[in-house]
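Undergrad: This is the structure I want to talk about, given as structure tokens.
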Amino acid sequence: MTERVAHGEPLAYVIGHQPFGSLSLEVRTPVLIPRPETEEWVMRLAEQVNGTLSMNGPPFRILDLCTGSGCIALLLADQLRITQRPWRITALDCDSSAIELSNANVRRTSLPVDIVQADMFSDSDMAEFHDYDLVTCNPPYISSKDYLRLPRSILAYESRNALVGQTTNDGLDYYRRLAQLVNDRLLCQSDTRPRLVMEVGAGQSLDVLSLFSTPGQVWYDFAGHDRVVAID
């Protein structure tokens, strides 16, 4: 173990698990290790949903895109257990390693999250996913230029595809696609706010907000960086 850490491998990969809120999740390279900054906003979101969700009505439907280890979907499921309103959470990823790991974490936590392999850039894959009350997404948002400046422990062990946008150099590819999906009925007319919650990189929030016609808010993390864009 000491030798692996000395060679720069992240400790979470060495020990095989990572705390995330009230959960302990399995982690494996190359799927991204859940970050404290993500945990912070997921807990905030869960508190808001629990505080505003009415007891009556159809199941509250949540979709988590780019789920990776499943951390966001699973922590929401854990925190929403106190509500009396029925709910259902579906988590998507296009990467087979992420699907395998997120399914392992569903088994590990015994939480009711449905894991589906799908590419959010594929119209045919996304055709069945619509009319959700809440959508969450922690997409690749690092620019190609900034990626080269990341620590070696990230470059060597965590998936580049999970960190960097697909086609352009600004890290905004996934947000542009999300804006398209929202226009194509990804969200329903829910009374609960926010309806779309996206993690962003520091300094990206205004650019992301500008892609959506619906008003939104910026949430800041414990270090004072813009970390989330929440769309009403």
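Undergrad: From (1) buried (at least 21 other Cβ atoms within 10 Å of the Cβ); (2) more than 27 Å from D123 (Cα to Cα), pick out the condition that doesn't hold for I62.
TA: Evaluating I62 over (1) buried (at least 21 other Cβ atoms within 10 Å of the Cβ); (2) more than 27 Å from D123 (Cα to Cα) leaves (2) as the failure.
Undergrad: Further, regarding this structure: Can you go through Y132, Y147, Y220 and tell me which one is of a type outside the set (D, E, K, R), farther than 22 Å from L92 by Cβ and either modelled with pLDDT under 90 or in contact with a Leu (Cβ under 8 Å, 6 or more places away or on another chain) (or both)? If you could, list the steps in order and put the result at the bottom.
TA: Working: Y132 fails: farther than 22 Å from L92 by Cβ; Y220 fails: either modelled with pLDDT under 90 or in contact with a Leu (Cβ under 8 Å, 6 or more places away or on another chain) (or both).
One residue alone meets the criteria, Y147.
Undergrad: I've got another one for you. Kindly indicate which of V208, V228, V182, V197 is in a helix (DSSP H, G or I), touching a residue at least 40 places away in the same chain (Cβ under 8 Å) and touching a strand residue (DSSP E or B) at 6+ places or on another chain (Cβ under 9 Å).
TA: On the way: V208 fails: touching a residue at least 40 places away in the same chain (Cβ under 8 Å); V228 fails: in a helix (DSSP H, G or I); V197 fails: in a helix (DSSP H, G or I).
Among V208, V228, V182, V197, only V182 is in a helix (DSSP H, G or I), touching a residue at least 40 places away in the same chain (Cβ under 8 Å) and touching a strand residue (DSSP E or B) at 6+ places or on another chain (Cβ under 9 Å).
Undergrad: Checking the conditions here, which among D221, D119 is touching a Cys at 6+ places or on another chain (Cβ under 7 Å) and either within 20 Å of I33 (Cα to Cα) or free of Cβ contacts under 8 Å to residues at least 40 places away in the same chain (or both)?
TA: None of the other options fit; the residue is D119.
Undergrad: Now a separate question. If I99 satisfies all but one of (1) among the β-branched types (V, I, T); (2) surrounded by fewer than 18 Cβ atoms within 10 Å (Cβ to Cβ); (3) farther than 24 Å from N50 by Cβ, what's the number of the condition it fails?
TA: (2) is the only condition that I99 fails.
Undergrad: Would you mention how many residues in the stretch 76-112 are among the aliphatic types (A, V, I, L, M) and either free of Cβ contacts under 8 Å to residues at least 40 places away in the same chain or part of a loop (DSSP other than H, G, I, E, B) (or both)?
TA: Of the residues in that region, 9 qualify.
Undergrad: Still on this structure: I need the full set of residues from the stretch 179-194 which are at pLDDT 95 or above and among the basic types (K, R), in order please.
TA: Selection gives nothing.
Undergrad: If I filter the stretch 25-35 for residues that are under 26 Å from L150 (Cα atoms), surrounded by fewer than 16 Cβ atoms within 10 Å (Cβ to Cβ) and under 14 Å from the mean Cα position of the chain (by Cα), do I get at least one hit?
TA: Taking every residue of the stretch 25-35 in turn, at least one turns out to be under 26 Å from L150 (Cα atoms), surrounded by fewer than 16 Cβ atoms within 10 Å (Cβ to Cβ) and under 14 Å from the mean Cα position of the chain (by Cα).
Undergrad: Restricting to the stretch 164-178, and then to whatever is touching a Gly at 6+ places or on another chain (Cβ under 9 Å) and at pLDDT below 90, can you tell me which residue is surrounded by the most Cβ atoms within 10 Å (Cβ to Cβ)?
TA: Going through the qualifying residues, I end up with G171.
Undergrad: Which numbered condition trips up S96, out of (1) of a type in the set (S, T, Y); (2) modelled with pLDDT under 95; (3) farther than 27 Å from C188 by Cβ?
TA: Unmet for S96, out of (1) of a type in the set (S, T, Y); (2) modelled with pLDDT under 95; (3) farther than 27 Å from C188 by Cβ: (2).
The values are calculated or read from the model by the stated rules, or taken from the named source; none is laboratory data. Here the structure is a predicted model, which is why all the values come from computation and not from measurement. Every residue, glycine among them, receives a Cβ derived from its backbone with ideal geometry; neighbour counts consider all protein chains shown.
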